[in-house]
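Visitor: Just dropping this structure here.
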């Protein structure tokens, strides 16, 4: 840990049930943390009771391993789409990722989503094609067909890389077996090899069929794996060969994730991962520890951190004193006194930290520049109301909800001011079910409603120049409302983050501050409502009138004002989506700036909603992308299920004796979908849904929805 050249920060990502956590167990057994005999069954990094019960990973877990004179900081991440926000956070602190793909199912939609997110953060991939035994045992493929299947998976994965990487990185990182960046094997049976290892043992085995026949005869799969082709050795070989150390990775990742001056002293420290430089840390995770309180987990990108250090919070603009430092080993944490750059750490201090916070050495607080915000490309699409069974426990329930929402980026908590209800919104039925269980495990018996689909509102027309003036003359504004360009919406709904957008189309900067390096005139405020929770400043170009206040404070006032206004649309009082707000001129009294926008929201809102009503307001519903892998004889039944639920088929791709059906289906039509697919395919199909986009609700559903609201 003293030498960043001997550190590998690695994550494991995959579609659910493709073998991530089984692989993690095997790597833990390599370090002696668990016995080899239980590796794959222990699910050590799934240390929550609900994870063990369901056999899925819900929370990203960290563990540090020693292997071949390297420290491997391993992060096991959720595979279920409902917890994808936690994967996004984990990506910020790693430099390489092992992408696990089931040899039968291939690259599923969640594989593509997670890989795309990793490539946007410039995280180098290694591919592990798992469950190869299924090709032989279940599909009965011969050697030639197995080879074609493996080649196809590599081709599809490389296509994902090519679509999401600059050409330079694609050529360097694409999966080619002789580069040792792909592992073939079976995590369940503990065997696996790279191209290099197969060449080295070529005298014994000339094909995968020979390997399978050998260990199938022995009837002791795991002993075969230990003795001949140990999977842990293959994975570690691929990690050491391909995954960069922090001092190498930060040279190209820092310009992507940090917008400060690369040529400054701090910038050079970051690029070099200099442990003797200025301390800079980013927080990517919060753990509410029952014994130690709130612990923040993050990565030291430069400098060295010690217990007692005085740091500065660049986002919160506050002092922070380090009281405890930890290294995480799954559910357990080990206290340490000092940790150098390149490592992943846990820390706590005299103030609570939030995810996305950047900490810098107090002495250099004026030189600091925070890391880019972590972006989530998934919107909550389902909601439930929640109340305590015993009304006296309302305060305790609210405190629990606040803690959970800090840990979970995909959870949204809303208080309905009209009804007094507490609403929690999440990514799907499983997500909300897990949240309910977590609340009850913390000691609160609760009552919840059935899940309801979340809708949003938007417009089709653009307005004329609009004017509003408050009754007390303290605020006036001239502005225009337009529908956001569909091309920009598509980019964001595909997960494109703003620094990847064409600079001539979006000279962009997120709402928290204005980037002084942007080569634009910043006198006119122009920002877009991209998603339910995302506002993006696209450009600023003419004149504003500001009374005795800095431009940044003025702009932030207007952004906060419109964020409040856009909480309720004109039709069903849902959040507004997909707008561009252009502010031409505005006058704000200095005393109002100090009080904040809440003072004029009610007065402005009635005027604002009246104007929206003139612009052909519409209701948008969330749409899932659905992907079903099914034996070919069940294709017709799968397509009819989708079409009968207002869905549409995008494509059908044959893959051996299976076929992959891809389509789109409204979230409101997916209740009880699992039971219908199981019933009509006799349990042979497996599938996944993932949020895709917002779409105008059909006219015949619109009146019914407005009436029910």
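Visitor: What's the extension gain from residue 567 to residue 613 if we count 0.36 nm per residue and subtract their Cα-Cα distance?
Guide: 15.0 nm
Visitor: If you don't mind, another one. Suppose we look only past 18 Å in the calculated P(r) of the range 248-367. What percent of the Cα-Cα pairs does that tail hold?
Guide: 46 percent
Visitor: Can you give me the distance in nm between label points at residue 362 and residue 318, each placed 7 Å from the Cα along the Cα-to-Cβ direction?
Guide: With each label point 7 Å from Cα toward Cβ, the separation is 1.6 nm.
Visitor: Translational D (Stokes-Einstein, µm²/s) of the range 568-709 at 25 °C and 0.890 mPa s when Rh comes from the Kirkwood sum over C-alpha pairs?
Guide: Stokes-Einstein gives a translational diffusion coefficient of 132 µm²/s.
Visitor: Could you line up 259, 268, 131, 148 from fewest to most neighbouring Cβ atoms inside 10 Å?
Guide: Fewest to most other Cβ atoms nearby, the residues stand as 148, 268, 259, 131.
Visitor: Compare the peptides 139-145, 67-73 by average per-residue count of other Cβ atoms within 10 angstrom and give them in order, highest first.
Guide: For the peptides 139-145, 67-73, the packing ranking is 67-73, 139-145.
Visitor: Rounded to the nearest 0.05, what FRET efficiency is calculated for residue 256 and residue 176 with R0 set to 22 Å and r the Cβ-Cβ distance?
Guide: 0.35
Visitor: Still on this structure, please answer the following. Along the Cα-to-C-beta direction of residue 682, a point sits 7 Å from the Cα; which residues of the range 636-664 have their amide N less than 17 Å from that point?
Guide: 636-638, 657-659
Visitor: Throw me the Rg/Rh for the range 241-281, computed over C-alpha atoms with Kirkwood Rh, two decimals.
Guide: 0.97
Visitor: Next question. Sort 707, 5 so that the residue with the fewest other Cβ atoms within 10 Å of its own Cβ comes first and the one with the most comes last.
Guide: 707, 5
Visitor: Sorting 237, 472 on the 10 Å Cβ count, fewest up front, what's the list?
Guide: Final ranking by Cβ density, sparse to dense: 472, 237.
Visitor: Here's a follow-up. Based on the Cβ-Cβ distance of residue 155 and residue 264, what FRET efficiency does E = 1/(1 + (r/R0)^6) give at R0 = 30 Å, to the nearest 0.05?
Guide: 0.10
Visitor: For the pair residue 587 and residue 147, how long in nm is the line joining their label points, each one 7 Å along Cα→Cβ?
Guide: 8.0 nm
Visitor: By how many nm would the segment from residue 289 to residue 68 lengthen if fully extended, with 0.36 nm per residue of separation less the alpha-carbon distance?
Guide: Taking residue 289 through residue 68 to full extension adds about 76.3 nm, to one decimal.
Visitor: While we're looking at this one, here's another question. Could I have the simple spin-label model distance between residue 605 and residue 352, label points 7 Å from Cα toward Cβ, reported in nm to one decimal?
Guide: So the label points at residue 605 and residue 352 sit 2.6 nm apart.
Visitor: Place the peptides 104-117, 637-650, 693-706, 280-293 in order of packing, highest mean first, counting for every residue the other Cβ atoms within 10 Å and averaging per peptide.
Guide: Taking the mean over residues of other Cβ atoms within 10 Å, the ranking is 104-117, 280-293, 637-650, 693-706.
Visitor: Here is a follow-up. Sorting check: for 15-26, 677-688, which peptide has the highest mean count of neighbouring beta carbons within 10 Å, and how do the rest follow?
Guide: 15-26, 677-688
Visitor: Which value, in nm² and rounded to one decimal, describes the direction-averaged projected area of the C-alpha convex hull of the range 638-695?
Guide: Its Cα hull, projected and averaged over all orientations, spans 4.1 nm².
Visitor: On to the next question. In whole Å and largest first, what semi-axes does the C-alpha gyration tensor of the range 382-454 yield when each eigenvalue is scaled by 5 and square-rooted?
Guide: One finds semi-axes of 17, 14, 12 Å for the range 382-454.
Visitor: Based on the Cβ-Cβ distance of residue 560 and residue 3, what FRET efficiency does E = 1/(1 + (r/R0)^6) give at R0 = 56 Å, to the nearest 0.05?
Guide: Rounded to the nearest 0.05, the efficiency is 0.75.
Taken together, the values in this text are just the output of simple stated rules run on the coordinates, not laboratory data. Note that the structure is predicted; figures quoted are calculated from it, not measured. Positions of Cβ are backbone-derived with ideal geometry, glycine not excepted, and every protein chain shown enters the neighbour counts.
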